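> My questions all concern the structure below.
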Amino acid sequence: MSCRSDLIVAAMSAAADARVAVAELAAQLLPAKPGFVLFFCSAEYDRSALEHAFAHFFAGVTLAGCTTAGEITPRGYDQGTICALGFSASHFQVAKACIQDLAAFDLLQAQQLVDGLLQHNQPQALPPTARPFVLTLLDGLSAQEEMVLLALEAALGNIAHFGGSAGDDNLLSATHIFVDGRFYQGAAAVIMLHTTLPFEVFSTHHVSALSDKLVVTAASADMRTVHELNAEPAALAYAAAIGCQVTDLNATVFALHPLAVRIGKDYYVRSIQRVHADNSLTFYCAVGQGAVLTTMQPQPILPDLQQRFAEIEQRIGEPLITIGCDCVLRRLESTERQTLQQASEFFRAHRVFGFNTYGEHFQGVHLNQTFTGVVIAQPAEG
């Protein structure tokens, strides 16, 4: 089957100047006349300059995007770049909304938002076989993912949903969402895409449970900060459990020694974001008092991805593109294990495009240390 690359066009620029970078994206995307453009950009770019450049070069085109902790471009794993996907209006109908006050977002607002997207996205130009999926992009330092995603999931019903939390190149300072022509903090973009193309939304991880248990005995849940584990200072208890010194704790150690909560038969990673001078630990996901955290052992990342992609592609066919939200800690782990190049080769072979996140979203759940996304397949023959 020949690749219908005109249906979704991938583009990137490594230019440091924002206007030059956006001009290079426009040169690659606009000949295909996309109806919607999704982009992911390094936090190194001047956001005001990006806003002006997008307004100039992409006038009349709907855009959404966010800042990253690394990009997945047509070259594979990348850094310091801006990348974009242009979606053909002939096969995708897109509606978007911006949540500007995450803390106040509730089920009523979620239902109104979803109803508005569905009403806007009545697929007049698409056959009745078109199906929707939803992509969420959310401020990765807002600590609001859990409540926002729960409300959205209740409103979305059986509509498949995935997404990622914006990053800022591991500075942990400020993350931004782009929607309605400008960058926002403390906000989220909700993007609904209807398409007749086969697709599958999925999430996968590569960690298995060990035996050590750490009980959260003191925490500030609203700040995602754990003060005590097993009635000891959190950092001391965690360091002892994984066999290192508190002074050795850093992002790479957190990536190689994750913790997880068990819900039913499944484990959900709760990744550590940073250690504080008082030996408390801040997490990327909500962790409340009384939670039981299990130490986890990461397995090689690539075999898991290869198996999962093979299963999906067998079900829906040859991939046109995969939009992936890949936890930044997986990237750090791949760097430490010297498998970054092999991962990039896999991404190129499977046309994976996306970004490294501060958290992933899947069917209303906020996740860590996963690869979560959507595989969109080639159109069926005939």
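> Quick one: ranking H206, H120 by accessible area, 1.4 Å probe, largest first, what do you get?
From most exposed to least exposed: H120, H206.
> Only one of the listed values, [x] 60, 44, 42; [y] 101, 37, 36; [z] 52, 46, 46, was derived from the coordinates as Cα extents along the principal axes in Å; which label is it?
It is the one labelled [x].
> Show the residues, 5+ positions off or on another chain, whose built amide H is closer than 5 Å to the amide H of G70.
D169, N356
> What is the sum of charges around A286, taking Lys and Arg as +1, Asp and Glu as -1, for the other residues whose C-beta is under 10 Å from the C-beta of A286?
Result for the neighbourhood of A286: -1.
> Oh, and also: Could you point to the residue in L138, L172, Q119 farthest towards the positive end of the range 106-173's charge dipole, with +1 and -1 charges on the Cβ of Lys/Arg and Asp/Glu respectively?
Ranked along the dipole, the leading option is Q119.
> With every protein chain left in place, what is the accessible area of R47 in Å² (1.4 Å probe, nearest 10)?
Counting only protein heavy atoms, the figure is 90 Å².
> Considering only protein heavy atoms, with the full assembly of protein chains and a 1.4 angstrom probe, order K265, K96 by accessible area, largest first.
K265, K96
> Would you mind calculating the relative contact order of the chain from Cα pairs under 8 angstrom and at least 6 residues apart, reporting the percent as a whole number?
For the chain, the relative contact order is 20 percent.
> Which net charge results when you count Lys and Arg as +1 and Asp and Glu as -1 among the other residues whose beta-carbon is under 11 Å from that of G167?
-4
> Please list E145, E51, E345 in order of solvent-accessible area, largest first, computed with a 1.4 Å probe with all protein chains present.
E345, E51, E145
> In whole angstrom, how far apart do the alpha carbon centroids of the range 325-358 and the range 42-121 sit?
Answer, in whole Å: 21.
> Let me ask something else. Could you state how much accessible area C98 has, in square angstrom rounded to the nearest 10, with a 1.4 Å probe and all protein chains kept in place?
30
> OK, next. Run the helix sum for the chain: -39,500 (n - 2.57) per DSSP H stretch of 4+ residues, divided by residue count, reported at 222 nm to the nearest 500 deg cm²/dmol.
One gets -8000 deg cm²/dmol as the mean residue ellipticity at 222 nm.
> Over the range 301-363, what is the relative contact order in whole percent, taking alpha-carbon pairs under 8 Å and six or more residues apart?
Relative contact order of the range 301-363: 44 percent.
> Take the Cβ-Cβ distance between N158 and L118 as r, set R0 to 22 Å, and report the resulting FRET efficiency rounded to the nearest 0.05.
The pair N158/L118 has a calculated efficiency of 0.95.
> What does the charge count near Q100 come to, summing +1 for each Lys or Arg and -1 for each Asp or Glu among other residues with Cβ under 15 Å from its Cβ?
Here the count lands on -2.
> Give me a comma-separated list of calculated 3J(HN,Hα) values for the range 211-219, in order, Karplus coefficients 6.51, -1.76, 1.60 applied at θ = phi - 60°, integers in Hz, x for any Gly or Pro.
Ordered by residue, 3J(HN,Hα) equals 9, 6, 10, 10, 9, 6, 9, 7, 7 Hz.
> With a ≥ b ≥ c taken as the square roots of the eigenvalues of the C-alpha gyration tensor of the range 1-147, please select rounded if a/c is under 1.5 and otherwise prolate if a/b is larger than b/c or oblate if it is not?
Oblate is the answer for the range 1-147, as a/c is 1.5 or above yet b/c matches or exceeds a/b.
> Rounded to the nearest 20 debye, what is the charge dipole size of the chain about its Cα centre when +1 sits on each Lys and Arg Cβ and -1 on each Asp and Glu Cβ?
560
> Related question: For the range 251-303, what class follows from the C-alpha gyration tensor (a ≥ b ≥ c being the square roots of its eigenvalues): rounded when a/c is under 1.5, otherwise prolate if a/b is larger than b/c, else oblate?
It comes out oblate by the Cα gyration axes.
> Can I ask one more? Just to confirm, what accessible area per residue do you get for the chain at 1.4 Å probe, in whole Å²?
39
> Once phi is turned into θ = phi - 60°, what whole-Hz ³J(HN,Hα) does the Karplus curve with 6.51, -1.76 and 1.60 give for every residue of the range 30-36, x standing for Gly and Pro?
Working through the residues one at a time gives 5, x, 7, 6, x, x, 8 Hz.
> At R0 = 35 Å, how high is the FRET efficiency between S220 and Q79 if r is their beta carbon distance? Nearest 0.05 is fine.
Using R0 = 35 Å, I get an efficiency of 0.60.
> So if R0 is 35 Å, what FRET efficiency would A49 and I316 give, r being the distance between their Cβ atoms, rounded to the nearest 0.05?
Once the sixth-power term is evaluated, E becomes 0.35.
> Taking θ as phi - 60°, what are the ³J(HN,Hα) couplings along the range 270-276 by the Karplus curve (6.51, -1.76, 1.60), each to the nearest whole Hz, with x for Gly and Pro?
For the range 270-276, the Karplus curve yields 10, 7, 7, 8, 7, 10, 10 Hz.
> Lysines within cross-link reach of K33: Cα-Cα under 23 Å, excluding same-chain residues under 8 positions apart?
Excluding near neighbours in sequence, the set is K96.
The values are calculated or read from the model by the stated rules, or taken from the named source; none is laboratory data. A quick note: this is a predicted structure, and the numbers were derived from the prediction, not measured. Cβ atoms come from the backbone with ideal geometry, glycine included; neighbour counts cover every protein chain shown. Heavy atoms of the whole protein, side chains included, go into the accessibility calculation; ligands, DNA and RNA do not. Shrake-Rupley method; radii C 1.70, N 1.55, O 1.52, S 1.80 Å.
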